Amino acid sequence: MNQANALLNKTILITRPLGREGHLRHLIEQAGGKVIHYPVIRITPPSELEIKQLMHLRDQLHTFTMAIFISPTAVEQSQTYFPVLPEHLTMVSIGSKTSLALEQQHINVDIEAPGHDTESLLQTRAFQMPQIQGQRILIFRGHGGRTLLGETLIKRHAQVRYVETYRRQLPVHPPLSRQQITTLDAVTTSSSEGLENLITLMADPSLLIDTPLIVPSPRSVSLARQHGFKNIIAAKNATDEATLSALSGCL
């Protein structure tokens with residue numbers, strides 16, 4: 001079967017946040033598939049106090065040496081509070097889509113995580129001792145993200161400041177109906193948090209456990225197993241292209 005028909009007449013659930021599903025939807029529809037979009041994460045602004053703290057940080061940016069952007073959303077949301085960043089900062093992205101988002105803001109990327117995740121970034125030479133020692137690092141992310149990156153950098157004697165420019169919340173909308181679930185040929189998720197939210201939003205999560213589930217990482221595979229999913233497929237990474245490849249390979 002050629003790529004244009006790889007998902008012919010297959011119905012795929014996309015769980016990306018509203019506004020971030022467009023490219024994956026396009027790829028699936030190009031491959032002949034049908035899409036149901038059910039956002040499981042809602043992006044919202046920081047609190048008033050957090051915004052004041054972000055404004056205060058503007059005057060301190062020149063004291064830092066590196067900026068790490070966790071995701072395209074981190075790039076986009078940072079523009080509201082930091083439309084201009086000092087040119088001397090070493091710019092780091094996690095994933096090619098994050099790099100693209102930075103380039104669209106006319107920001108040159110100096111280091112990109114080779115494996116589209118925190119773990120691969122931490123394995124690069126620039127993030128080993130003694131190169132990383134003494135660096136003053138800004139980590140642009142959403143509120144309450146993973147701690148692995150910051151904790152590891154601190155252990156390697158870097159100084160870390162989280163810059164949390166948005167919040168991720170559980171959306172308020174009805175669960176998928178039984179009729180919708182029975183039409184699904186596969187479910188896609190883009191993070192462990194998204195998978196947890198999907199399960200929370202379902203009236204009866206057990207209805208999904210036999211449906212092929214595409215996850216972006218080994219960590220998400222473990223989480224899916226804990227929740228009883230029986231047909232788990234790990235995409236190469238969290239990109240739309242890797243998700244499409246995983247879908248094409250299992251359907």
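Can Glu103 be described as under 24 Å from Val172 (Cα atoms) and not β-branched (Val, Ile, Thr)? Full working, then the answer.
Details: under 24 Å from Val172 (Cα atoms): no; not β-branched (Val, Ile, Thr): yes.
No; evaluated as a whole, the condition is false for this residue.
What number of residues in region 86-139 are in a strand (DSSP E or B), among the polar types (S, T, N, Q) and in contact with a helix residue (DSSP H, G or I) (Cβ under 6 Å, 6 or more places away or on another chain)? Let's see the steps before the verdict.
Residues of region 86-139 in a strand (DSSP E or B): 90-93, 111-112, 136-139.
Okay, now just the ones that are also among the polar types (S, T, N, Q), so 90, 93.
Subset that is in contact with a helix residue (DSSP H, G or I) (Cβ under 6 Å, 6 or more places away or on another chain): 93.
Adding up the residues that qualify gives 1.
Within region 41-74, can you find the residues that are closer than 20 Å to Lys97 by Cα and in contact (Cβ under 8 Å) with a residue 60 or more places away in the chain?
Those that are closer than 20 Å to Lys97 by Cα and in contact (Cβ under 8 Å) with a residue 60 or more places away in the chain: Ile41, Arg42, Ile43, Met66, Ala67, Ile68, Phe69, Ile70, Ser71, Thr73, Ala74.
Do the conditions hold for Leu195, that is, is it within 14 Å of the chain's Cα centre (by Cα), aliphatic (A, V, I, L, M) and either outside any loop (DSSP other than H, G, I, E, B) or surrounded by fewer than 16 Cβ atoms within 10 Å (Cβ to Cβ) (or both)?
Values: within 14 Å of the chain's Cα centre (by Cα): yes; aliphatic (A, V, I, L, M): yes; either outside any loop (DSSP other than H, G, I, E, B) or surrounded by fewer than 16 Cβ atoms within 10 Å (Cβ to Cβ) (or both): yes.
Yes.
Can you tell me which residue is surrounded by the most Cβ atoms within 10 Å (Cβ to Cβ) among those in region 176-192 that are hydroxyl-bearing (Ser, Thr, Tyr) and more than 21 Å from Gly95 (Cβ to Cβ)? Step through it out loud before you land on a result.
Step one: of region 176-192, the residues hydroxyl-bearing (Ser, Thr, Tyr) are 177, 182-183, 188-192.
Restricting the remaining residues to those that are more than 21 Å from Gly95 (Cβ to Cβ) gives 177, 182-183.
Numbers: Ser177: 10, Thr182: 11, Thr183: 13.
Only one residue fits best here, namely Thr183.
So that you can scan it fast, the table gives a plain yes or no per residue for (1) of a type in the set (Val, Ile, Thr); (2) closer than 27 Å to Leu207 by Cα; (3) modelled with pLDDT of 95 or more:
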site: Thr11; (1), (2), (3): yes, yes, yes
site: Glu29; (1), (2), (3): no, yes, yes
site: His37; (1), (2), (3): no, yes, yes
site: Leu61; (1), (2), (3): no, no, yes
site: Ile68; (1), (2), (3): yes, no, yes
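In this structure, is Thr15 among the β-branched types (Val, Ile, Thr) and not assigned by TED's automatic domain parsing to the domain that holds Asp210?
For Thr15, the condition - among the β-branched types (Val, Ile, Thr) and not assigned by TED's automatic domain parsing to the domain that holds Asp210 - is not met.
Okay, residues lined up against (1) surrounded by fewer than 18 Cβ atoms within 10 Å (Cβ to Cβ); (2) free of Cβ contacts under 8 Å to residues at least 12 places away in the same chain; (3) more than 17 Å from Pro72 (Cα to Cα):
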position	(1), (2), (3)
Asp110	yes, no, no
Ala113	no, no, no
Asp117	no, no, no
Leu122	yes, no, yes
Ala126	yes, no, yes
Ile132	no, no, yes
Phe140	no, no, no
His143	yes, no, no
Glu151	yes, yes, yes
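Give the number of residues within region 20-56 that are within 16 Å of Pro83 (Cα to Cα) and surrounded by 15 or more Cβ atoms within 10 Å (Cβ to Cβ).
The total comes to 1.
Taking region 174-192, which residues are outside any helix (DSSP H, G or I) and without any contact (Cβ under 8 Å) to a residue 40 or more places away in the chain?
Pro174, Pro175, Ser177
Please find, among Gln77, Gln53, the residue that is assigned by TED's automatic domain parsing to the domain that holds His106, under 21 Å from the mean Cα position of the chain (by Cα) and either part of a strand (DSSP E or B) or not hydrophobic (A, V, I, L, M, F, W, C) (or both).
Residue meeting the stated conditions: Gln77.
Can you name the residue in region 88-99 that is at pLDDT 95 or above and surrounded by fewer than 18 Cβ atoms within 10 Å (Cβ to Cβ) and is also farthest from Asn237 (Cα to Cα) among such residues?
Within region 88-99, the match that is farthest from Asn237 (Cα to Cα) is His88.
The values are calculated or read from the model by the stated rules, or taken from the named source; none is laboratory data. The structure presented is a predicted model; accordingly, all values stated were derived computationally and were not measured. Here the Cβ is made from the backbone with ideal geometry for all residues, glycine too, and neighbour counts use every protein chain on show.
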